Amino acid sequence: MSVNSKSGSDMGNKSSVRIEAWGEGDLPLLKKLLGDPAMMEHLGGPESDEKLVKRQANYEKLTESGKGRMFKVVLQETGEAVGSVGYWDSSHNGEEIYEMGWSVLPGFQGQGIAGKGAALAIAMAKADGKHRFLHAFPSVENPPSNALCRKLGFTLIEECEFEYPKGHFMRCNDWRLDLL
């Protein structure tokens, strides 16, 4: 499955992207995204190879489990995978929600790619119709991700403690988007 953005959209420059379902061959991308100390600065540090192999398997099974979807973000012009975006079932303050996350490789940041990929994933979450609300929990120390939440139409609910990864707590902003 592939979903496309239009070139020149309001989310940034002229880069056009599509999202594709996460698949078997995407472990090298996952290692670049979640195994890199700079990429994981706001998320508790890089994940081990063992953890990344487990995460890869979970990403591959997510859609068929009915508990969310994970995508790679691909440049239309070159077919190069440059990031990830996804949403999954979660619980927050006693409410069943979708939680969302995204990541773009350093050489492609600042070009509107995360916003375009996230907008495409949000459209998929709306179409799934499972949960009313989608939340994102970027670190309070991550201005680009917080700005992206604003651009995508999320509402800032509160600053909160959030556990990611397991055993690591950080200060995050709780952003909520109404999918109705």
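Worth pointing out:
- For the range 96-111, the candidate set comprises residues that are at pLDDT below 95 and more than 12 Å from the chain's Cα centre (by Cα); within that set, the residue that is surrounded by the fewest Cβ atoms within 10 Å (Cβ to Cβ) is GLY107.
- Filter result for CYS172 (more than 17 Å from GLU95 (Cα to Cα) and either in contact with an Asp or Glu (Cβ under 9 Å, 6 or more places away or on another chain) or surrounded by fewer than 14 Cβ atoms within 10 Å (Cβ to Cβ) (or both)): yes
- The set of residues in the range 66-80 that are touching a helix residue (DSSP H, G or I) at 6+ places or on another chain (Cβ under 9 Å) and either among the acidic types (Asp, Glu) or assigned to a helix (DSSP H, G or I) (or both) contains only GLU80.
- Against the criterion of being surrounded by 15 or more Cβ atoms within 10 Å (Cβ to Cβ), under 27 Å from PHE133 (Cα atoms), under 16 Å from the mean Cα position of the chain (by Cα) and modelled with pLDDT under 80, MET11 qualifies.
- Considering SER145, SER91, SER103, the condition of being of a type in the set (S, T, N, Q) and more than 19 Å from ILE19 (Cα to Cα) is satisfied by SER91 alone.
- Strands (runs of 3 or more DSSP E) lying entirely in the range 81-180 (those with 1 or more residues that are of a type outside the set (A, V, I, L, M) and under 18 Å from PHE71 (Cα atoms)): 81-92, 95-104, 133-136
- All positions within the range 96-115 that are more than 18 Å from GLY86 (Cβ to Cβ) and among the small types (Gly, Ala, Ser): GLY107, GLY110, GLY112
- Among the residues of the range 65-87, the one identified as of a type in the set (A, V, I, L, M, F, W, C) and surrounded by fewer than 18 Cβ atoms within 10 Å (Cβ to Cβ) is LEU75.
The values are calculated or read from the model by the stated rules, or taken from the named source; none is laboratory data. From a predicted model like this one, the values you see are computed outputs, not experimental measurements. All Cβ positions, glycine included, derive from the backbone under ideal geometry; neighbour counts span all protein chains shown.
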